[in-house]
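Undergrad: This is the structure I have questions about; it appears just below.
The values are calculated or read from the model by the stated rules, or taken from the named source; none is laboratory data. Everything quoted here is computed from the prediction, not taken from an experiment. Glycine gets a Cβ as well: all are built from the backbone with ideal geometry, and neighbour counts include every protein chain shown. With ligands, DNA and RNA removed, areas are computed over all heavy atoms of the protein, side chains included. Shrake-Rupley method; radii C 1.70, N 1.55, O 1.52, S 1.80 Å.
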Amino acid sequence: QTIGLVTTSLALHAPSQVAAAVKRYANLDGYQVLISMIDENVNQDIQSAINELKSQLVDKVIINVPLETEEAQRIASDNDDIVCLFLDVDPYSSVFNVSFNPADGTRASVKHLYELGHREIALLAGPETSVSANLRLKSWLDTLNSYGLKPVTIFHGTWDAQSGYAGALQMLRETPNFTAVLVGNDQMALGVLSAFHQHQVAIPGEKSVVGYDGTYESSFFHPALTTVSLDLDLQGKEAVRRLLDSGHGDSARSSSVLPAKLIVRHSTG
Ligand code: IPT
């Protein structure tokens, strides 16, 4: 028996850790996993990836590609001959999904910085095309606002370390007065750390850095990264369980929202 996984780039740490978990838990249940990786989140690409899996007689598919609710709904209804479970959609949308609460960890991270005395906070969000990136950004802004704060500046990166590095350099040039930066994921935070090291900016002495994802590598960054941790292994596990439990009727398809937790390490102070 085989299930499918349609995924965004596995060059990114979070989706590759999710894919590893999906494979592990499916295998434990006696299922194989066929992976189809797409580069762009264009509907056509997703459909051809799904078609590829369908041609291998796969009838249950996990989709880890950032999708707006309407796109996900369209994909689900265009493919109602199979079960589609989404991992990167608005958790509170009606599509069948297993995703993370976009607000609990973000709130905890802003509170953490606030309690350390930070008032000049910069934001380095993920790409504007990502639902999750936008939900995290919105929650940062709402939480800052509840403390009567506005961000010093807002940047968008492309999830990879290079974009974090470039964003941090630009921030240092344009608005150097910030004392902390909230980053949309750990890989971009790695780039930020690198840019700060290169410019002899002490972390956390001069600037604190908070990542997001809690990927395995983040505790080996220097300094060890304070980050909002997503249990990506649990997401893979839950996705497999719910997918295998789902029949072809809607009734067995219950979505779940997993918590995101702040892990305080050494990049904040
Ligand atoms: C999301 C990660 O947080 C981010 O780092 C990046 O890898 C992105 O995926 C890729 O699409 S996690 C997702 C399940 C919301």
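Undergrad: Quick one: compute the contact order of the stretch 1-90, relative version, from alpha carbon pairs under 8 angstrom and 6+ residues apart, as a percent.
TA: With pairs under 8 Å counted, the relative contact order is 33 percent.
Undergrad: Okay, moving on. If you roll a 1.4 angstrom probe over the protein chains with everything in place, what fraction of the accessible area of the stretch 147-246 belongs to carbon and sulfur, to the nearest %?
TA: Summing carbon and sulfur atoms, their accessible area is 54 percent of the total for the stretch 147-246.
Undergrad: What fraction of the Cα pairs in the chain, stated in percent, has a spacing above 27 angstrom?
TA: So the pairs more than 27 Å apart make up 38 percent of the total in the chain.
Undergrad: Further, regarding this structure: Which whole-number percent gives the relative contact order of the stretch 155-269, counting Cα pairs below 8 Å spaced six or more residues apart?
TA: Averaging sequence separation for qualifying contacts and normalising by length gives 25 percent for the stretch 155-269.
Undergrad: Wrap a convex hull around the Cα atoms of the stretch 133-213, take a quarter of its surface area, and give that in square nanometres.
TA: The Cα convex hull of the stretch 133-213, projected and averaged over all directions, gives 5.0 nm².
Undergrad: For the stretch 215-248 and the stretch 113-167, compute the distance between their C-alpha centroids and round to whole Å.
TA: So the two Cα centres are separated by 21 Å.
Undergrad: Moving on. Counting only heavy atoms of the protein chains, get the accessible area per residue of the chain (1.4 Å probe) and round it to a whole Å² value.
TA: Ligands and nucleic acids excluded, the result is 43 Å² per residue.
Undergrad: Starting from the Cα-Cα distance between ASP80 and HIS222, subtract it from 0.36 nm times their residue separation and give me the gain in nm to one decimal.
TA: Fully extending the segment from ASP80 to HIS222 adds 46.4 nm.
Undergrad: How about the stretch 138-170: which chymotrypsin sites (Phe, Trp or Tyr not before Pro) there are in a DSSP loop, with at most 15 other Cβ atoms within 10 Å of their Cβ?
TA: TYR147
Undergrad: Computing the accessible area with a 1.4 Å probe over protein heavy atoms, can you report the carbon and sulfur percentage for the stretch 29-118?
TA: Carbon with sulfur: 43 percent of the solvent-accessible area.
Undergrad: Which length gain, in nm to one decimal place, applies between GLN198 and SER48 when the Cα-Cα distance is subtracted from 0.36 nm times their residue separation?
TA: 49.6 nm
Undergrad: Please check: in the Gaussian network model of the chain (C-alpha springs, under 10 Å), which one of LEU243, LEU144, LEU193 has the largest mean-square fluctuation.
TA: Of the options given, LEU144 has the highest mean-square fluctuation.
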